[in-house]
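Here is the structure we will look at.
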Amino acid sequence: MTPVGRILMSLMDEAGSDLTLPELLCRSAKRELDAVAVGLAVMAPDSTSELVAASDQSAHELEVLQLTLGEGPCVEAFRTGRLVQLAELGAGEQRWPAYSAHLLERGVGAVFAFPLRIGGIRLGALDVYRTRAGALDDDDLSLALHFVDAAVVVLLHLQDPALRDTLGDRRLDDAVDGFTTHPEVHQATGMVSVQAVVSLHDALLLLRAHAYVADRSIIEVARDVVARRIDFR
Amino acid sequence: MSSPWPDLEDLFGRLERCEDLAEGAGAVARFARERLGADHAGLSLHGEPGAATRLALTDPLVAELDELRLLLHGGPGSRPLTEGSAASVADTRHDPLWPAWSTAAAGLDVLSVRVLGLPAIRGHAVTLDLYSHRPRTFEHDGWADLGRTALQAGRLLRQVDRVQNLREALTTRALIGQAQGIVMERHALTSEQAMAYLRRVSQQSQVKVRDLAERIVSGAEPR
């Protein structure tokens, strides 16, 4: 069996648990790559709206951090279609200082963002967070790439109603099920665009800026906007 | 025979730029004409039983053959085929299977036909119809390789369709959420009330919620 086939089979063995296939894939990758967290982010071409699956709550927070900042290795991997490595976060990473500082605070020493792609079409990124600094060795790198391929297969198969049925996961009845989505971010973006009389693009930037200054996640801020606890007028 | 991969890569490059399934199917139909030895080609999606929808065709002759199929109650390609299976007419001038259709096709100078079952898309069977002005075009030994190439082309089409489906799902969610927010703010509604409002307007105006959301969102952008 191919390595990707082996990964997919092991996920199927666990299917039927409370976790969805994308979540199981993140967990399995976390285990096998000796990572502290693994996250999967799917992005629209404008790299704003995204779906997230994560190995656990801390991985989910790390993914949301990039959504809050609107930048980071995951967004970069998606944008460029290339692997983005921050192997020495402690060594004064210059590119995304705010992001890197947050990661160090959470005990992450290195992050690797692998683009999910099919040919030239970019879908998102698989993010591997490790406690210890240092590049991935050859074995881990090739294993990570197999997980990337498996993630693409899972992602595409979730698009097919017939295949969702074979997976036997009745909760997966929507193309984006199996992922955590944050509709409140979109809703808040719409609200802020009316409140501040700005474009949707700028409204999202306002939300991000507010979250950054308040040191909160964009999701918390969006919930406050939707509940009318924060107003951008 | 040469490797089909450069051809398939070229096809994939074309498919990536396609906006929807029909456009992608068009690229596969043209690919079939250029690389699989067909003079005319078409792709069908078999949704409801007995109803084949033409996703794409290379030229009007294929539409003419389709009409004959309806008129004469049968012909190759009117039924779904499973992935990898095939139906063919080696020579339409001597065809016991669909005599009426084949005679009519021969009258249009279409002398051989091969229908291939491609991978199903969105749970529906897909067939690729290949037509030739020469008899026995799709029967020779080397054609088995071309048949496999056609299957690969079908797999690529399915991949691209799934990607588009995913992207559309993402866009739809963003648009509806943003429109919800705009409506919440304009009419002082909660998110649930705003969703109910969108559904009501959608029903009254017979516009899909997604399209209505797009209108609201684009109208909200200051120019």
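Just so you know, all these numbers are worked out from the coordinates, no wet-lab data involved. Since the structure is predicted, the reported quantities are computational estimates derived from the model, not experimental observations. Every residue, glycine as well, gets a Cβ built from its backbone with ideal geometry; the counts of neighbours run over all protein chains shown.
How big is the convex hull of the Cα atoms of the protein assembly as shown, per residue, in Å³?
Details: hull volume 78.3 nm³, N = 456.
Roughly 172 Å³ of hull volume per residue.
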- Item | Exposure proxy ranking, count of Cβ atoms within 10 Å, fewest first, for A:CYS26, B:CYS18 | B:CYS18, A:CYS26
- Task: Taking the Cα centre of the protein assembly as shown as origin, work out the dipole magnitude from +1 charges on Lys and Arg Cβ and -1 charges on Asp and Glu Cβ, in debye rounded to 20.
- Result: 860
- Using R₀ = 30 Å, calculate the FRET efficiency as 1/(1 + (r/R₀)^6) where r is the Cβ-Cβ separation of B:GLU168 and A:GLN94; round to 0.05. 0.20
- Normalized C-alpha radius of gyration of region B:166-220, against 2.2 N^0.38 Å? 1.04
- Message: What does the structure give for A:194-200 when I average, per residue, the other chain Cβ atoms found within 10 Å of the residue Cβ?
- Response: 4
- Note on the structure: Rounded to the nearest 0.05, FRET efficiency between B:ARG134 and B:HIS73 (Cβ-Cβ, R0 22 Å) equals 0.25
- Message: Springs between alpha-carbon pairs under 10 angstrom, Gaussian network model over chain B: which of B:VAL110, B:VAL163, B:VAL62 fluctuates most?
- Response: B:VAL163
- Within region A:1-35, whose backbone N sits under 17 Å from a point 7 Å along Cα→Cβ of A:ASP56? A:18-20, A:23-35
- Task: Quantify how strongly other chains surround peptide B:182-194 by giving the mean number of their Cβ atoms within 10 Å of each of its Cβ atoms.
- Result: 4
- Message: Over chain B, with a Gaussian network built from C-alpha contacts below 10 Å, which listed residue (B:HIS133, B:HIS187, B:HIS73) shows the highest mean-square fluctuation?
- Response: B:HIS187
- Item | Placed amide H near A:GLY124: partners under 5 Å, 5+ positions off or other chain | A:MET43, A:LEU116
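Once you charge only the Cβ atoms, +1 for Lys and Arg and -1 for Asp and Glu, what is the size of the charge dipole of region B:5-160 about its Cα centre, to the nearest 20 debye?
240
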- Message: Run the simple label-point estimate for B:ASP91 and A:ARG31 please: 7 Å along Cα→C-beta, distance reported in nm.
- Response: 6.3
- Message: With 10 angstrom as the radius, rank B:THR137, A:THR2, A:THR180 by how many other C-beta atoms surround their C-beta, starting from the fewest.
- Response: A:THR2, A:THR180, B:THR137
- Note on the structure: Relative contact order in percent for region B:5-160 (Cα pairs under 8 Å, 6+ apart) equals 26
- Roughly how many Å is it from the Cα centre of region B:15-38 to that of region A:1-74, as a whole number? 34
- Area projected by the alpha carbon convex hull of region A:183-226, averaged over all directions, nm²: 2.5
- Taking +1 at the Cβ of each Lys and Arg and -1 at the Cβ of each Asp and Glu, which of B:SER85, B:SER132, B:GLN193 sits farthest along the dipole of the protein assembly as shown towards its positive end, judged by Cα position relative to the Cα centre? B:GLN193
- Query: Amide H of B:SER112: which non-local residues (sequence gap of 5 or more, or other chain) have their own amide H closer than 5 Å, using H built in the peptide plane?
  - Reply: B:THR92, B:SER132, B:ARG134
- Query: When the Karplus curve 6.51 cos²θ - 1.76 cosθ + 1.60 is applied with θ = phi - 60°, which whole-Hz ³J(HN,Hα) does each residue of region A:122-133 get, with x for Gly and Pro?
  - Reply: 9, 10, x, 8, 10, 10, 10, 10, 10, 6, 8, 6
- Item | Which of B:GLY142, B:GLN206, B:ALA22, positive extreme of dipole for chain B (C-beta unit charges) | B:GLN206
- For region B:40-138, the Cα convex hull volume per residue in Å³ comes to 83
- Note on the structure: In a Gaussian network model of chain B with springs linking alpha carbons closer than 10 Å, the residue among B:ALA22, B:ALA32, B:ALA153 that fluctuates most is B:ALA22
- Residues B:GLU9, B:GLU214, sorted so that the one with the fewest Cβ neighbours within 10 Å comes first: B:GLU9, B:GLU214
- So what's the gap between the Cα centers of region A:97-125 and region B:87-132, to the nearest angstrom? 51
- D (Stokes-Einstein, µm²/s), Kirkwood Cα radius, chain B, 0.890 mPa s at 25 °C: 125
- Note on the structure: Scoring chain A by relative contact order with C-alpha pairs under 8 Å, at least six apart, yields a percentage of 20
- Task: List, largest first, the extents of the alpha carbons of chain A along their principal axes, each in whole Å.
- Result: 59, 46, 32
- Message: Less than 19 Å from a label point 7 Å out along the Cα-to-Cβ axis of B:ARG30: which backbone N atoms in region B:118-150 qualify, by residue?
- Response: B:128-131, B:150
